[in-house]
Amino acid sequence: MLNIKDLKITLLLVFAVILLSTTFCFATNHYEITTSSSIANGTYSDYSQEGNVGDDRNGGVFYVANNGSLILDNIDFYNNYASFGGGTIYNNKGSLMLTDVNIDSNTASYGGGVYNIGGTVTISDNVIFTNNNSSGGGGSIYNAGTLNISSNVFFLGNKADEYDGQGGAIYNVGTMTTDNVVFSSNSAIRGGAIYNVRNSTITNAIFSNNSASYGGAIYG
């Protein structure tokens, strides 16, 4: 006959299994954005995605699909991972806006923080990219679309320094405009802060202590 003590232990074990299962699922599934979405106030950490170029398994936390729109305000991203692109967000021909966001210690092969292909990304008002890493290009951002950055945005200690890593903070093969942005202590093999292939306009920028074998601040 089951006594009260045994019943309590059994219930605790069942609760622990449910809690562990819930945490595991939460950490391995990301969110696919197909319409207009706005999210304020939250923390996303320890997400992980395995995907290939162009598929919806990219983006550690969010995948913004073609014609999707995502606005994020007062959000923290920490320690997320995507095997190909966008440790936190993969924007595939959609629209992405970030304000008052911290993106810290995220990893992907391309775009440790954000991967943008054919879409528009707008970043402004106290956004900080810190200690993000890519093995290929764009320690924080890989841009193959339109990228607009302004008003107190900081790139601090990001890396793309494995193999032939390019763009410790940003890899740009699209169109990029920055104004009032700080790049400090970023590193890569080529372009310690920025690796620029195509169109870019950079105004009122501060570059300090960035390092690379070729182009300590900017390559391209």
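Summary of computed values
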quantity	calculated
Residues whose placed amide H lies under 5 Å from that of G216, excluding near-sequence neighbours	G192
Estimated vicinal HN-Hα couplings, Hz - region 186-199 in sequence order (Karplus 6.51, -1.76, 1.60; Gly, Pro = x)	8, 8, 6, 6, 10, x, x, 9, 9, 10, 10, 9, 10, 8
Potential lengthening between A205 and S37 on full extension [0.36 nm per residue; Cα-Cα distance subtracted]	57.4 nm
Hz values of 3J(HN,Hα) by residue in region 206-220 - Karplus curve (6.51, -1.76, 1.60), Gly and Pro given as x	10, 10, 8, 6, 7, 9, 6, 5, 9, x, x, 9, 10, 10, x
Residues whose placed amide H lies under 5 Å from that of S69, excluding near-sequence neighbours	T35, S36, S37, S95
Potential extension, E50-Y163 segment - 0.36 nm per residue separation minus Cα distance	38.6 nm
In Å², nearest 10: area of D46 left accessible to a 1.4 Å probe	80
For region 82-94, 3J(HN,Hα) per residue [Karplus equation, 6.51 cos²θ - 1.76 cosθ + 1.60, θ = phi - 60°, Hz, x = Gly/Pro]	9, 5, 9, x, x, x, 10, 9, 10, 9, 9, 6, x
Low-density loop cleavage sites - chymotrypsin sites (Phe, Trp or Tyr not before Pro) in region 157-220, where at most 12 other Cβ are within 10 Å (DSSP)	Y163
Size of electric dipole in region 65-220: Cβ of Lys, Arg +1 and of Asp, Glu -1, about Cα centre, debye, nearest 20	380
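The values are calculated or read from the model by the stated rules, or taken from the named source; none is laboratory data. Just so it is clear, the structure is predicted and the values come from calculations on it, not from any experiment. As a convention, Cβ positions derive from the backbone with ideal geometry for all residues, glycine included, and neighbour counts pool all protein chains shown. Side chains included, ligands, DNA and RNA excluded: accessible areas come from the protein's heavy atoms. Shrake-Rupley method; radii C 1.70, N 1.55, O 1.52, S 1.80 Å.
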